[in-house]
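Heads up, the thing below is written out as structure tokens.
The values are calculated or read from the model by the stated rules, or taken from the named source; none is laboratory data. A quick note: this is a predicted structure, and the numbers were derived from the prediction, not measured. Cβ atoms come from the backbone with ideal geometry, glycine included; neighbour counts cover every protein chain shown. Only protein heavy atoms, including side chains, enter the accessible area calculation; ligands, DNA and RNA are left aside. Shrake-Rupley method; radii C 1.70, N 1.55, O 1.52, S 1.80 Å.
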Amino acid sequence: LAGARDLVDDLVGDRAAEWDRTGLIPEEVLRTLSARGLLCAGVPEASGGLGASSAANGEFTAFVGSRCSSLRSVMTSQGMAAWTIQRLGSAPQHAAYLPKLAGGQLAAVAFSEPEAGSDLSAMTTTIERDDDTVVVRGQKVWTTAAHYADMIVVVGRYGSGAAAVVVPSSAPGVTVTRVAQPSGCRAAGHANVTLDEVRLPATAVLGGGQPLMLLVTTALAYGRISVAWGCVGILRACLDAARGHARTRTQFGKRLADHQLVARHLANLLTSEQIAARVCEHASRCWDEGSPEMVVATVLAKQVSAVQAAQGAATAVQVLGSAAAHEGHVVERAYRDAKLMELIEGSTEICQLILADHAVSMPA
Ligand code: FAD
């Protein structure tokens, strides 16, 4: 990932607020990062990727998240698509898709449906085999990056189990409609996707026939760790802005940082950033070691980091006062973006339920 941070700084510069306002990241920014393999840096070198460890990719994800949560969201989707293909796909499918994802193309992953949000077992999208083709029918909602994507990894029912299918956005029967004015990560290209009798070669089906929730858990593991690291980035951006402001703004004859109640806010922000970073490092270590703890560690990282980011961003707004009350200010964006992190990839409550199940089933 050498030089990657400089490239991101060059490409993003001070434009994140403008992208947030217009709801669009310029396509050449996304294509440039994709062509360098940076939107899914964990793709193995043998498949044309950078082969980054989860720890290295995580720190890079946090860096991108500190600059622009919309861009980080697109990165999470691309990485989750690549991971799903890597985990569920055959060797020919790896060869067909992964070099494209590390070489300039863009992807999204669609699970959620109008009646299947937290409860993905209510999913009704079907992938039906018809000789050497499949037909995909269904409605997906809130698919991050779908507005930009060349391909959408769609999860649906397949026979008595489930599968994912790689759907080119340009395939007949695919309609991508942008979600109007999302409250945060506004330039992440969220869209609803209608799949109306989309006929594809059967070779587009990944992991056909496994239990739905097993497939979902596999794909979401990447999304969770990526969002968690993104939240570390949000906290770092908030901490930087809050301490910079508290050092330089004077009220009642002394720096804000010298008022103890403001200093406590800074201590809380630093604590949030450190807690989130440590749980993410632990999850990435489990990931890189292939530890059986990985699934629980990623849920823990996502739950803790999202809650800390939402609280930390609110604290940063408090420290900045009216300075953060301008639309597009880094802390104002963080406040809106962080709240959404508590909803996605398994809301805070759903993560808590998974952690509670784990706690109950742990040996004494
Ligand atoms: P609901 O499931 O209706 O939940 C509403 C509330 O009830 C939440 O607080 C939830 O925690 C709580 N709740 C639900 N069930 C329980 C329970 N059993 N116990 C306790 N509390 C419960 N989807 C995709 O497929 N791909 C994407 O790329 C994607 N990106 C997204 C990006 C953003 C910014 C947003 C907002 C959503 C995105 N989604 C995506 C959808 C997202 O995964 C869902 O919003 C999420 O799963 C929650 O579903 P829901 O919004 O329908 O809320």
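Numbers at a glance
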| quantity | calculated |
| --- | --- |
| Kirkwood hydrodynamic radius (C-alpha pairs) into Stokes-Einstein, the range 1-128, 37 °C and 0.692 mPa s, D in µm²/s | 211 µm²/s |
| Computed over the chain, Kirkwood Rh from alpha-carbon pairs, angstrom | 20.7 Å |
| Amide proton proximity set for Val167, modelled H, under 5 Å, gap of 5+ | Ile152, Val153, Val154 |
| Angle between the chain longest axis and helix 294-320 axis [Cα atoms, degrees, rounded to 10] | 40 degrees |
| Ratio of Rg to Rh over the range 213-361 (Cα coordinates, Kirkwood Rh, two decimals) | 1.06 |
| Hz values of 3J(HN,Hα) by residue in the range 344-360 - Karplus curve (6.51, -1.76, 1.60), Gly and Pro given as x | 9, 6, x, 4, 3, 5, 5, 4, 4, 5, 5, 5, 5, 4, 5, 4, 5 |
| Within the accessible area of the chain (1.4 Å probe), percent carbon and sulfur | 53 percent |
| The range 108-210 - charge dipole about Cα centre, Lys and Arg +1 at Cβ, Asp and Glu -1, debye rounded to 20 | 320 debye |
| Accessible surface, the range 155-240, averaged per residue in Å² (probe 1.4 Å) | 34 Å² |
| Under 5 Å, built H, 5+ apart or other chain: amide partners of Val174 | Asp196 |
| For the range 295-352 and the range 207-286, distance of Cα centres in Å | 8 Å |
